[in-house]
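Some notes on the structure that comes next.
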Amino acid sequence: MGTAATADAVGTIVNDFSIHVATANGSGSQTSNMVLLRALFQMGVPVSGKNLFPSNIQGLPTWFTIRASKDGWIARKEESDVIVCMNAETAEEDVATARKGAVLIYDDSLRLQEKRPDCVHYPVPFKKLIAECCPDLKLRKLVINMLYVGVCSALFGIDMGELKSALGKQLAGKQKAIDLNLPALEYSANWTKEHLPKKDAFRVERMNANEGKIIIEGNAATALGLMFGGVTVVTWYPITPSSSLCEYLDEYLNRFRLDKDGKRTFAVVQAEDEISAVGMLAGAGWAGARCFTSTSGPGISLMNEIIGLGYFAEIPFVICDVARTGPSTGLPTRTMQGDIYSLMYASHGDTKHIVLIPSEPKESFELAQEALDIAEEFQTPVFLMLDLDLGMNYWMAKRFDYPAAPIHRGKVLTKEQLQEMGGKWGRYQDVDGDGVPYRTIPGTEHPAAAYFTRGTGHTAQATYSEKPEHWKSNMDRLAKKFESAKKRVPKPVVTSDGSKVGLLFCGTTTEAINEAVHELKHKHKVKVDLCRVRAFPFTSEVEDFVDHHERVYVVELNRDGQLRMALSAEVPRLAHKLRSILHYDGMPLSAGAVVKQFRELEGAWGKGTPE
Amino acid sequence: MAGATEAPEAPSNQVNRIGLQKKDYAGSKSTLCIGCGHDLITARLIDAAYDLSLKPENVIKMSGIGCSSKTPAYFMSRSFSFNSVHGRMPSVATGASLANRSLKIIGVSGDGDTANIGIGQFVHLMRRNLDMVYIVENNGVYGLTKGQFSATADKGSKQKYGNVNFMSPIDLCALAVELGCNFVARLFAGNTKMMRQALQAAMAFKGTAFLDIISPCVTFNNHAGSTKSFPYVKDHETALQDIGFVPAYDPTYHEMAAGEEREVKLGDGSKMTLKALGNDYNPTDRVGALKMLAESREQQKLLTGIICVAESQPTFPQMLNMVHEPLSTLPLSVTRPGKAVLDEVMDELS
């Protein structure tokens with residue numbers, strides 16, 4: 001709800017501002033940023049942390065934005081209220097983009113006062129302070145970023161006890177590092193109290209809004225979901241922004257899934273490329289493992305052929321696409337909902353895939369488990385669609401619930417069942433009328449258990465066939481199976497305010513949209529209904545939503561309106577009701593961007609004027 | 001018994017140690033060209049599996065795409081089989097092995113499937129040492145797309161309609177030796193005796209056994225000027241050893257004369273004996289193996305036999321320290337940690 005008012009005009013602004021920290025990549029700033037974020041969180045103030053980093057290991061500029069919001073808005077805020085310039089190289093640019101009245105904290109050697117007389121300035125002698133509190137010259141550059149945390153603590157009233165506890169948590173088990181950072185934190189806070197008179201309006205006060213909440217990245221949440229979903233085979237190839245998902249998973253599995261002899265009840269394999277990673281899933285899913293890989297757009301492009309094999313040979317596996325900005329190498333460290341279309345229809349020929357789309361960590365945890373179940377229930381590849389914003393940024397989320405239901409392994413025939421059936425069965429036979437056949441798992445000790453798996457034309461009995469009628473009936477059954485999935489995949493989350501106008505969206509745009517809707521309602525007196533799509537195929541509730549509204553804006557993070565295209569293609573009669581609100585500069589969506597585009601479009605379309 | 005493959009040698013009522021007849025190892029009728037080298041290999045695979053009394057339900061057959069990759073349909077119908085994607089059999093086999101480490105893998109690929117499109121996956125598979133027999137049915141050409149050269153075609157070899165290959169071949173055996181494969185053999189589909197022994201030893205071997213089997217394409221690469229035709233290979237084959245197989249269940253099967261033969265343990269209790277022919281080649285010497293392969297290429301000799309062999313090493317599931325039970329059938333009580341674990345993690349994050 002951020003106000004753009006200046007300090008002087010407003011007086012005090014409590015628990016409603018963002019801190020934008022500019023540092024150099026690889027300078028240890030992550031610890032400082034996380035300590036600040038955690039301390040705010042521990043004070044009961046809703047927070048979010050978004051990392052804007054370069055595709056680089058050391059030296060290039062990186063930014064971290066912490067948003068504190070008493071109202072619980074955790075989307076990206078376009079304008080920052082406090083800018084901390086720890087990177088001299090970008091300082092001028094950083095302050096140039098500051099809004100009027102913003103608070104600027106920077107090294108006093110930078111002389112930024114005259115550049116932005118309309119801002120609140122706090123020059124700090126960082127180099128002098130670090131020399132005074134860190135005697136070891138070599139270690140200073142690792143600790144200097146902790147100084148700004150101390151400065152912020154004193155200026156905004158962030159509790160020192162909480163900062164210390166956050167530091168302990170962040171550097172758990174690394175006492176030397178704690179001992180090194182703690183003096184810097186306290187020294188800079190004390191210095192600020194003595195030397196910097198408070199000139200701005202921003203203050204932090206304790207709240208109690210974070211009961212039952214955690215802070216987690218979507219990749220870690222997904223990894224936990226997979227572990228509790230009983231994943232056994234994990235393959236991966238490193239690619240930003242998905243790498244940390246399998247790294248977290250590997251870490252969790254090694255911690256919690258060893259048997260009593262220390263042996264692994266799982267396999268995690270770093271493959272030589274994404275083709276191999278998904279090829280291993282084809283083999284593992286076929287041989288009965290609950291299996292998973294994570295990747296990003298370029299990896300999905302490489303995996304396409306085997307995804308089609310999985311669809312056609314009916315093999316369960318789960319792929320998580322943590323999407324980044326494309327096409328091509330694109331912006332590897334920026335976000336995008338850019339693979340919507342390429343996931344839904346991945347591979348050549350007639351293919352359609354189940355895609356599950358979480359919007360925040362708790363849902364990532366739950367849908368990761370669902371994905372493993374649905375893949376086996378429908379014997380097909382299932383995608384989890386995240387993006388960099390969800391996967392790699394820090395989200396406040398509700399604590400996860402322990403799964404209440406057992407896992408579902410779908411229609412698997414056992415040795416005993418085969419015996420009862422006299423060994424008569426057809427791998428691709430639609431016995432139940434839902435398009436989902438029965439399968440056997442390699443290793444089943446019955447002479448009739450085996451069947452021949454192929455990506456070529458086959459009969460219901462899994463024998464080779466090029467006959468037109470066999471091909472067509474098999475493709476029709478696969479279509480029927482996809483129809484059946486409509487009743488199984490998660491339904492959309494629909495919020496109705498009695499409006500004729502709707503917003504339809506998925507994934508990480510949710511937070512910004514919720515905030516935008518609040519602003520539209522209270523500031524602009526416009527009501528909007530919401531439909532957050534959680535899966536492909538689109539369920540009947542998605543169609544109903546569009547049917548029951550005059551105009552629906554499809555909000556998404558890509559240039560071409562991929563979600564809108566897919567909905568128009570799947571349900572053509574809805575197409576004329578859909579318009580796009582798009583955001584595709586690599587940054588997460590902000591409420592402001594939604595409000596602006598919505599009002600412009602409504603101004604034209606809403607008054608009956610054609611586009 | 002498969003139609004186009006050779007008739008079984010054993011009388012139809014004869015059974016092996018697990019009570020199966022040879023027809024229990026049969027597949028469907030081959031649809032390859034009459035006289036194809038691949039059918040000879042298929043027949044020997046049936047023999048070897050029967051002789052070894054492999055339980056068909058414990059075997060999976062994996063392949064990529066191509067004429068050779070079709071052949072898993074022609075043997076052991078009681079075994080699960082996966083005819084996957086061009087060049088990607090190694091990754092698919094790896095995944096299957098992770099899901100169920102108790103399965104013995106028979107992988108069948110071709111020279112195009114392995115040395116061209118699949119060379120990357122082949123290279124990385126060799127590093128993993130799956131419990132697998134990896135067969136390349138090598139004819140130097142693409143059959144299904146009508147006779148284009150593959151990467152194993154020799155320099156100077158002539159295509160059916162006159163084109164000459166001007167690039168150096170990839171020697172898959174040399175590559176396998178270099179990559180640390182512990183059982184590397186080159187065989188000729190026309191050499192029935194050697195194939196039968198070598199296939200049994202390869203199947204008994206714990207770990208990856210790589211077999212490059214020269215298997216002439218009678219339709220596109222059996223003409224004068226080809227270096228992978230039946231006549232050329234027959235003329236140029238130089239056998240390195242007489243291979244003997246000593247099954248675990250019958251160690252007295254073969255008497256060994258000291259000094260004449262090498263004995264190699266295969267990891268399952270069985271042994272392979274190697275009686276050198278000509279110069280006393282030592283297949284346990286990796287560097288020597290590479291040297292010999294290089295020399296034989298210069299001399300335009302086709303050496304057949306065991307190129308390189310070593311004591312069996314830990315397989316991929318062993319390297320990964322996996323539980324002995326197949327991951328595919330682990331119960332939920334094992335694969336889902338308890339509520340206390342979730343609580344612990346949630347506390348850390350709050």
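The values are calculated or read from the model by the stated rules, or taken from the named source; none is laboratory data. All figures in this text were calculated on a predicted structure; none of them were measured in a lab. Cβ: placed from backbone, ideal geometry, glycine included. Neighbour counts: every protein chain shown.
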- Message: One residue is enough: does region B:272-286 have a residue meeting the conditions at the interface with chain A (Cβ under 10 Å from one of its Cβ atoms), touching an Asp or Glu at 6+ places or on another chain (Cβ under 9 Å) and free of Cβ contacts under 8 Å to residues at least 40 places away in the same chain?
- Response: no
- Name every residue in region A:43-74 that is closer than 17 Å to A:Glu217 by Cα, at pLDDT 95 or above and polar (S, T, N, Q), in order of residue number. A:Ser48, A:Thr65
- Query: Looking only at helices (runs of 4 or more DSSP H) that fall completely inside region A:355-432, which ones have 1 or more residues that are over 16 Å from the mean Cα position of the chain (by Cα)?
  - Reply: A:361-378, A:415-420
- Inside region B:16-105, counting only helices (runs of 4 or more DSSP H) that do not spill past its ends, which hold 1 or more residues that are of a type in the set (Ser, Thr, Tyr) and more than 12 Å from every other protein chain (Cβ to nearest Cβ)? B:37-52, B:67-70
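Would you call A:Ser540 among the small types (Gly, Ala, Ser), in contact (Cβ under 8 Å) with a residue 40 or more places away in the chain and surrounded by fewer than 19 Cβ atoms within 10 Å (Cβ to Cβ)? Can you show your working first?
Numbers: among the small types (Gly, Ala, Ser): yes; in contact (Cβ under 8 Å) with a residue 40 or more places away in the chain: yes; surrounded by fewer than 19 Cβ atoms within 10 Å (Cβ to Cβ): yes.
Yes.
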- Query: Say we look at region A:317-336 and pick out the residues that are more than 11 Å from chain B (Cβ to nearest Cβ) and touching a Phe, Trp or Tyr at 6+ places or on another chain (Cβ under 9 Å); which of these is farthest from A:Thr508 (Cα to Cα)?
  - Reply: A:Val318
- Answer yes or no as to whether B:Gly190 is in a loop (DSSP other than H, G, I, E, B), over 17 Å from the mean Cα position of the chain (by Cα) and either closer than 23 Å to B:Gln318 by Cα or touching a residue at least 24 places away in the same chain (Cβ under 8 Å) (or both). no
- State whether the residues of region A:162-170 include one that is outside any strand (DSSP E or B), more than 10 Å from chain B (Cβ to nearest Cβ) and under 27 Å from A:Arg324 (Cβ atoms). yes
- Tell me which residues, restricted to region A:402-435, are of a type in the set (Val, Ile, Thr) and over 24 Å from A:Glu366 (Cα atoms). A:Thr414, A:Val431
- Query: How about region B:56-78: which of its residues are out of contact with any Ser or Thr (no Cβ under 9 Å at 6 or more places or on another chain) and surrounded by fewer than 22 Cβ atoms within 10 Å (Cβ to Cβ)?
  - Reply: B:Arg78
- Query: Quick check, is A:Val149 buried (at least 20 other Cβ atoms within 10 Å of the Cβ) and modelled with pLDDT under 95?
  - Reply: no
- Hits in region B:34-48 (condition: touching a helix residue (DSSP H, G or I) at 6+ places or on another chain (Cβ under 6 Å) and more than 15 Å from B:Lys193 (Cα to Cα)): B:His38
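Table: residues versus (1) in a strand (DSSP E or B); (2) among the hydrophobic types (A, V, I, L, M, F, W, C); (3) not assigned by TED's automatic domain parsing to the domain that holds A:Pro588.
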| site | (1), (2), (3) |
| --- | --- |
| A:Ser499 | no, no, no |
| A:Gly502 | yes, no, no |
| A:Phe505 | yes, yes, no |
| A:Thr510 | no, no, no |
| A:Asn514 | no, no, no |
| A:His518 | no, no, no |
| A:Lys527 | no, no, no |
| A:Leu530 | yes, yes, no |
- Residues in region B:279-297 that are acidic (Asp, Glu) and assigned to a helix (DSSP H, G or I): how many? 1
- Mind checking which residues of region B:173-187 are among the aliphatic types (A, V, I, L, M), touching a residue at least 60 places away in the same chain (Cβ under 8 Å) and under 28 Å from B:Asn222 (Cα atoms)? B:Ala174, B:Ala176, B:Val184, B:Ala185, B:Leu187
- Could you check, for region B:129-145, whether at least one of its residues is more than 14 Å from chain A (Cβ to nearest Cβ), without any contact (Cβ under 8 Å) to a residue 12 or more places away in the chain and closer than 20 Å to B:Cys217 by Cα? yes
- Item | Subset of region B:206-255 that is aromatic (Phe, Trp, Tyr) and surrounded by fewer than 18 Cβ atoms within 10 Å (Cβ to Cβ) - its residue that is nearest to B:Met194 (Cα to Cα) | B:Tyr253
- Reported set for region A:289-298 where residues are surrounded by fewer than 24 Cβ atoms within 10 Å (Cβ to Cβ) and either at the interface with chain B (Cβ under 10 Å from one of its Cβ atoms) or under 19 Å from B:Gly87 (Cβ atoms) (or both) is none
- Message: For region B:323-344, give me each residue that is facing chain A (nearest Cβ under 7 Å), outside any helix (DSSP H, G or I) and more than 25 Å from the chain's Cα centre (by Cα).
- Response: B:Val323, B:Leu330, B:Arg336, B:Pro337
- For region A:456-477, how many residues are out of contact with any His (no Cβ under 9 Å at 6 or more places or on another chain) and buried (at least 18 other Cβ atoms within 10 Å of the Cβ)? 2
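For region A:79-117, enumerate the residues that are free of Cβ contacts under 8 Å to residues at least 40 places away in the same chain and either outside the structural domain of A:His20 (by TED's automatic domain parsing) or in a loop (DSSP other than H, G, I, E, B) (or both).
A:Thr97, A:Ala98, A:Ala102, A:Arg111, A:Leu112, A:Gln113, A:Glu114, A:Lys115, A:Arg116, A:Pro117
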- Note on the structure: Within region A:186-198, residues being of a type outside the set (Ser, Thr, Tyr) and crowded, with 23+ Cβ neighbours inside 10 Å number 0
- If you go through region A:483-490 one residue at a time, do you hit one that is of a type in the set (Asp, Glu), touching a strand residue (DSSP E or B) at 6+ places or on another chain (Cβ under 8 Å) and away from chain B (no Cβ under 14 Å)? no
- Any idea which residue in region A:434-450 is surrounded by the most Cβ atoms within 10 Å (Cβ to Cβ), counting only those that are assigned to a loop (DSSP other than H, G, I, E, B), in contact (Cβ under 8 Å) with a residue 40 or more places away in the chain and more than 7 Å from chain B (Cβ to nearest Cβ)? A:Val436
- Message: Consider region B:79-102. How many of its residues are free of Cβ contacts under 8 Å to residues at least 60 places away in the same chain and surrounded by 24 or more Cβ atoms within 10 Å (Cβ to Cβ)?
- Response: 16
- Query: Would it be correct to say that A:Trp73 is within 28 Å of the chain's Cα centre (by Cα), within 23 Å of A:Ala39 (Cβ to Cβ), assigned to a loop (DSSP other than H, G, I, E, B) and assigned by TED's automatic domain parsing to the domain that holds A:Met43?
  - Reply: yes
